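See below for the structure under consideration.
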Amino acid sequence: MNGRPDWVAHGVLILGALLFIVPLWLVFAGSTQESAAIARGELSLIPGGGGLAAYGKVLSGPVPRMLLVSFGMAMAIAVGKIAISVTSAYAVAFFRFPLRKLAFWLIFITLMLPVEVRIIPTYSVMSDLGLINSFTGLWLPLIASATATLLFRQVFIAIPDELVEAARMDGAGPLRFLWDVVIPVSSANIAALFVILFIYGWNQYLWPLLVATNPRLDTIVIGIVKMMAVETDTDWSAVMATAVLALLPPVVVVVLMQRWFVAGLTEGEK
């Protein structure tokens, strides 16, 4: 390499960054402006004179509860998906039992069935279990993940056979081998997947909208939509302030786990 900067690459990166940053800045700027001006289409890139008053207004209402519901739901989905995916991938990768490959392919086939296809039978099951309008009903049907199972299986089958034999010779049983060897070896992948699944759970809209009609179970995404449902008197500054607050938890998770996230996406075979 000649050491000179690649201006084309830098230009593309700057353009990409602007495409992400400008809309977010507009939302923040709008949260400091008058709702009437925003409704007239006079949204400005320069923050208005309202300051952070909209944030105090929304934080004194139901928004903190919505953030807490969303955070609990996202955490439950992320932890539940990882727990189930790790154990199912571990069974498929290291155990020999009848119909093992059939079980794996049945899990894999569910990748072709989006949530929208399964939503009516899933709702029926939740109704039979009495989990409609409950916090458990928000996350329980979403904790199975064929994608995560497939990814962990690929990580597990890359573990050297010598390591498996050494653990067996040391007297390690299946649970000890899973806890002391498999999970530490795949910790970066677990962390990377946790970030992705947390954001997936945080952004859920269709299932919470269907399963929870109790306003106390509204997630922050549902809350923002409801705030915009009033066509003639929408408080746009409050909507945008709530949107900014809704961005903060996923951003914090990504920032705190950035090193593990990048490592989990870039690591090669163990």
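The values are calculated or read from the model by the stated rules, or taken from the named source; none is laboratory data. Note that the coordinates shown come from a computational prediction; the quantities given were computed from them, not determined experimentally. We place every Cβ from the backbone using ideal geometry, glycine too, and count neighbours over all the protein chains shown.
Looking at (1) at pLDDT 85 or above; (2) buried (at least 19 other Cβ atoms within 10 Å of the Cβ), which one does I119 not meet, given that it meets all the others?
(2)
Going by the structure shown, is R216 touching a Phe, Trp or Tyr at 6+ places or on another chain (Cβ under 9 Å) and assigned to a helix (DSSP H, G or I)?
Considered against the rule, which asks whether it is touching a Phe, Trp or Tyr at 6+ places or on another chain (Cβ under 9 Å) and assigned to a helix (DSSP H, G or I), R216 comes out as no.
Conditions tested, residue by residue: (1) of a type outside the set (A, V, I, L, M, F, W, C); (2) modelled with pLDDT under 90.
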position	(1), (2)
M126	no, no
G130	yes, no
T147	yes, yes
I157	no, yes
F194	no, no
R216	yes, no
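Would you confirm, using the coordinates I've provided, whether A166 is hydrophobic (A, V, I, L, M, F, W, C), over 24 Å from L206 (Cβ atoms) and in a helix (DSSP H, G or I)?
Yes: the conditions hold for A166.
Could you please give the count of residues in the range 90-118 that are under 18 Å from L209 (Cα atoms) and in contact with a Pro (Cβ under 9 Å, 6 or more places away or on another chain)?
Going through the range 90-118 one residue at a time, the tally reaches 2.
How many residues are within 33 Å of the chain's Cα centre (by Cα) and part of a helix (DSSP H, G or I) when one looks only at the range 140-161?
14
Looking at the range 16-42, I want the residues that are among the aliphatic types (A, V, I, L, M) and have a partner that is loosely packed, with under 15 Cβ neighbours inside 10 Å and not in a helix (DSSP H, G or I) with Cβ atoms under 6 Å, at least 6 apart or on another chain. Which pairs are those?
So the pair list comes out as A29/L45.
Can you list the helices (runs of 4 or more DSSP H) lying wholly within the range 5-75 that have 3 or more residues being at pLDDT below 85 and of a type in the set (A, V, I, L, M, F, W, C)?
Output list reads 35-39.
In the range 108-121, what residues are of a type outside the set (F, W, Y) and either in contact (Cβ under 8 Å) with a residue 40 or more places away in the chain or assigned to a loop (DSSP other than H, G, I, E, B) (or both)?
Selection gives L113, P114, V115, E116, I119.
Based on this model, can you work out whether V164 counts as under 26 Å from the mean Cα position of the chain (by Cα), more than 17 Å from S85 (Cα to Cα) and at pLDDT below 85?
No, not satisfied.
Among the residues of the range 76-109, write down those that are more than 30 Å from A172 (Cβ to Cβ) and surrounded by fewer than 18 Cβ atoms within 10 Å (Cβ to Cβ).
Within the range 76-109, I109 is the sole residue that qualifies.
Which residues, taken from the range 154-197, are of a type outside the set (S, T, Y), touching a Phe, Trp or Tyr at 6+ places or on another chain (Cβ under 9 Å) and more than 14 Å from F94 (Cα to Cα)?
V185, A188, N189, I190, A191, A192, L193, F194, V195, I196
Against the conditions (1) part of a loop (DSSP other than H, G, I, E, B); (2) over 29 Å from L217 (Cβ atoms), where does L131 fall short? Just the number, please.
That leaves (2) as the condition not met.
Report every pair of residues separated by at least 6 positions or lying on different chains whose Cβ atoms are under 7 Å apart, first residue within the range 184-205 and in contact (Cβ under 8 Å) with a residue 60 or more places away in the chain, second among the aromatic types (F, W, Y) and outside any helix (DSSP H, G or I).
Matching pairs, first to second residue: none at all.
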